[in-house]
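Undergrad: Below is one structure. I have some questions about it.
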Amino acid sequence: MSPLPPLSNRAVKRLGFPPPHAYAPPPGPFHDPELYPDSCINLSIAENSLLSPRLIEHFSRPITTLRTQHLRYRATLIKSTLPTVEDLLPQYINDHIHPRVPVTRDNSVAGPGIGAVLAQAVWALAGEGEGVLMSAPFYDDYVRDIMHPALAVLMLAEIPADVDSLSTDALPYLERKILESERLGIKIRVMLIPNPHNPIPQIVPSETIKGYALLAQKYNIHLIVDEVYGLSTYRDSAYPPAANEPFESVLTYDLAAMGVDPERVHVLTSPTKDFGASGLKLGLFISPANPQLINLIRPLFLATPISSVSDLLFARVLQDRPFVERFLEDNRRMVKEAYEFAAGWLTFHGLEFTRANAGVYVVVDFAPFLDRIAPAHLAPLERLDIAVAAIIREGVFIKPTNLMADPVQTRFRLIFTQARPIMIQALRRLEKAFKVPEAPLDETLPEIDVDVESYSDVDSEESSGVSASATAYTSDSESSVDSGERGRSLVKKSVVVPVNELAAAVEANAVL
Ligand SMILES: Cc1ncc(COP(=O)(O)O)c(C=O)c1O
């Protein structure tokens with residue numbers, strides 16, 4: 001047999017990466033109330049199921065806007081006047097974030113998810129072996145996108161446990177890390193921060209974000225703020241954090257007046273967290289003052305664009321502005337209630353947790369629970385292994401935040417946005433795993449109004465297609481044809497295609 005064909009130097013360097021996950025989920029499918037009722041409930045991924053029935057109802061309506069352009073390459077679809085997320089996402093951000101410079105198709109790039117978009121942005125901004133700086137604890141999936149394809153490296157500013165890593169007190173640690181990295185020969189090219197944060201479920205104070213921007217300016221670094229949870233905020237819960245400021249996008253700041261070049265500040269965003277639909281893979285990179293960067297990144301998605309199927313379904317949602325507004329409002333309320341439900345359980349058991357005003361998770365210190373099942377003389381990691389094994393045995397999957405460089409060695413991130421009956425089951429299983437008595441839980445289920453026709457612009461019987469509100473969202477700078485009129489006339493001629501037939505058509509196209 002001839003020797004295996006060689007790999008590239010880059011690929012050889014990547015062999016062994018990513019390392020096997022320290023806390024792998026158990027084999028077999030995750031829990032589903034109908035398909036796998038006895039399987040492990042996954043509370044480790046930042047997913048939000050609270051309003052899924054409502055979104056599925058919207059997606060399930062007859063589709064009248066499927067056109068041949070949806071079966072073509074994206075270059076064809078986005079040059080049509082059909083409504084696409086390419087136009088609708090910028091407007092969604094403008095409506096809800098109110099940036100100083102309106103987001104447009106020209107100063108933003110849409111791609112298949114935030115991770116994908118971040119990876120290309122890092123590729124454009126940081127060379128091989130150059131640094132992307134974050135504070136710890138950090139959202140660990142960023143490592144994937146920092147490393148590939150850019151081969152850049154994550155540099156972490158470790159913040160002591162008694163310092164709030166989201167406050168301005170963290171800034172000197174970041175500055176020290178910039179200087180220390182430079183001494184090691186690693187040039188920091190990008191600073192990255194999610195706001196609201198992950199895994200700390202809080203809106204980052206505006207003074208901190210401004211501090212990041214000023215540091216970026218001082219050391220000639222780019223700043224990327226991931227604002228994916230910007231509309232999933234709830235400041236009025238029964239368990240608010242001490243710093244409970246409203247969310248302000250970095251896009252609303254007068255950066256030039258602060259002495260910061262606007263060209264170095266960029267935003268990642270997406271509606272998929274707000275809608276509990278991360279699997280649709282939609283992401284937007286916004287850089288209002290750096291057209292050169294936008295033009296560099298845009299073609300990088302030609303081979304891996306957003307799927308037309310995601311586009312078709314989600315463009316229809318975004319066009320339905322009354323539905324969007326109601327969904328966002330209800331989502332905020334439901335997430336807040338789900339947080340309060342989890343917080344009540346944690347409080348009953350005397351477990352410390354980070355107070356939340358955004359996101360779908362809390363970081364919980366399980367130290368008192370660990371004491372019940374893991375001998376105190378063991379090393380912290382061994383104790384965590386015992387706890388993870390016990391939790392998995394009882395049918396729940398959550399991960400310790402030591403994976404996220406959390407200085408506290410007894411904490412886990414707990415996602416609380418599963419449907420209430422599943423959440424109750426998961427909490428009961430956790431009590432069993434740690435051999436603690438059951439907390440009293442209010443088992444009344446929150447009501448979800450799935451029948452949303454009263455405020456939806458899309459008729460559930462037979463869609464009127466591109467609605468009047470859609471024309472407001474749809475603007476095609478490359479077309480001289482009035483997009484609203486074109487949109488409406490296309491719809492009149494369109495055929496109703498049920499979702500299952502749409503899937504079959506797409507599959508057939510894929511085979512060709
Ligand atoms: C802060 C943050 N950014 C990005 C992502 C990933 O986004 P996407 O699924 O669009 O790649 C997540 C997912 O949990 C997240 O929490």
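Quick note: the coordinates plus some simple rules give every number you see, no bench work behind them. Just so we're clear, the structure is a prediction, and the values are computed from it rather than from any experiment. Here Cβ is always computed from backbone atoms with ideal geometry, including for glycine, and neighbour counts include all displayed protein chains.
Undergrad: To the nearest 20 Debye, how big is the dipole of the chain about its Cα centre, given +1 on the beta carbon of each Lys and Arg and -1 on that of each Asp and Glu? Please list the in-between numbers first.
TA: Values: 46 positive and 63 negative charges, 296 e Å.
Charge dipole, the chain, about its Cα centre: 1420 debye, nearest 20.
Undergrad: Please report how far the C-alpha centroid of the range 263-298 lies from that of the range 5-62, rounded to the nearest whole angstrom.
TA: Computed from Cα coordinates, the inter-centre distance equals 22 Å.
Undergrad: Something else: May I have the count of lysine pairs in the chain with C-alpha atoms under 24 Å apart, counting pairs 8 or more residues apart or located on different chains?
TA: For the chain, qualifying lysine pairs total 17.
Undergrad: Only Cα pairs under 8 Å and at least 6 apart count here; give the relative contact order of the chain as a rounded whole percent. Walk me through the numbers on the way to the answer.
TA: On the way: 917 pairs, mean separation 123.7, N = 512.
Once divided by the residue count of the chain, the mean separation gives 24 percent.
Undergrad: Would you tally the net charge around GLY259, using a Cβ to Cβ cut-off of less than 14 Å, leaving GLY259 out, and scoring K and R as +1, D and E as -1?
TA: Residues near GLY259 contribute 0 overall.
Undergrad: So how much slack lies between ARG72 and GLU34, counting 0.36 nm per residue of separation and subtracting their Cα-Cα distance, in nm?
TA: 10.0 nm
Undergrad: Ordered by residue, what ³J(HN,Hα) values in Hz, to whole numbers, does the range 251-262 give under the Karplus form 6.51 cos²θ - 1.76 cosθ + 1.60, where θ = phi - 60° and Gly and Pro are x?
TA: 5, 8, 7, 8, 5, 4, 5, 7, x, 10, 5, x
Undergrad: Label points 7 Å out from Cα along the Cβ direction at LEU296 and GLU394: separation in nm?
TA: 5.1 nm
Undergrad: Read phi for every residue in the range 352-359 and hand back ³J(HN,Hα) as whole Hz from Karplus 6.51 cos²θ - 1.76 cosθ + 1.60, θ = phi - 60°, with x for Gly and Pro.
TA: Calculated HN-Hα couplings, in order: 6, 8, 5, 5, 10, 9, 6, x Hz.
Undergrad: What is the distance in Å between the Cα centres of the range 337-376 and the range 112-159?
TA: When both Cα centres are located, 29 Å separates them.
Undergrad: Past the 34 angstrom mark, what percentage of all C-alpha to C-alpha distances in the range 68-321 do you count? If you can, show how the numbers build up before the last one.
TA: Details: 4732 of 32131 pairs.
So the pairs more than 34 Å apart make up 15 percent of the total in the range 68-321.
Undergrad: Label-point separation (nm) for ALA289 and ARG14, each offset 7 Å from Cα along Cα-to-Cβ?
TA: Distance between the two pseudo-spin positions: 3.4 nm.
Undergrad: In nm, to one decimal, how far is the ARG176 label point from the ALA136 one, both placed 7 Å along Cα→Cβ?
TA: 1.3 nm
Undergrad: Could I ask something else about it? If you count the DSSP beta bridges with both ends in the chain, what percent of them are antiparallel, to the nearest 5?
TA: Bridges in the chain that DSSP calls antiparallel: roughly 50 percent.
Undergrad: On to the next question. Fully extended, how many nm does the chain gain between ASP330 and VAL408 (0.36 nm per residue separation, minus their Cα-Cα distance)? If you can, show how the numbers build up before the last one.
TA: Details: separation 78, 0.36 × 78 = 28.08 nm, distance 3.40 nm.
Here the segment from ASP330 to VAL408 would lengthen by 24.7 nm.
Undergrad: Rounded to the nearest Å, what's the spacing between the alpha carbon centres of the range 212-262 and the range 69-105? Just the number, please.
TA: Distance between centres, Cα-based: 24 Å.
Undergrad: Only bridges with both residues in the range 68-321 count here: give the DSSP antiparallel percent, nearest 5.
TA: Antiparallel: roughly 30 percent of the beta bridges in the range 68-321.
Undergrad: Net charge near HIS58, counting Lys/Arg +1 and Asp/Glu -1 over other residues with Cβ under 9 Å of its Cβ?
TA: Residues close to HIS58 contribute a combined charge of +1.
Undergrad: Could you list the residues of the range 220-263 with an amide nitrogen less than 14 Å from a label point located 7 Å from the Cα of HIS96 in the Cα-to-C-beta direction?
TA: Those under the cut-off are 227-234, 247-249.
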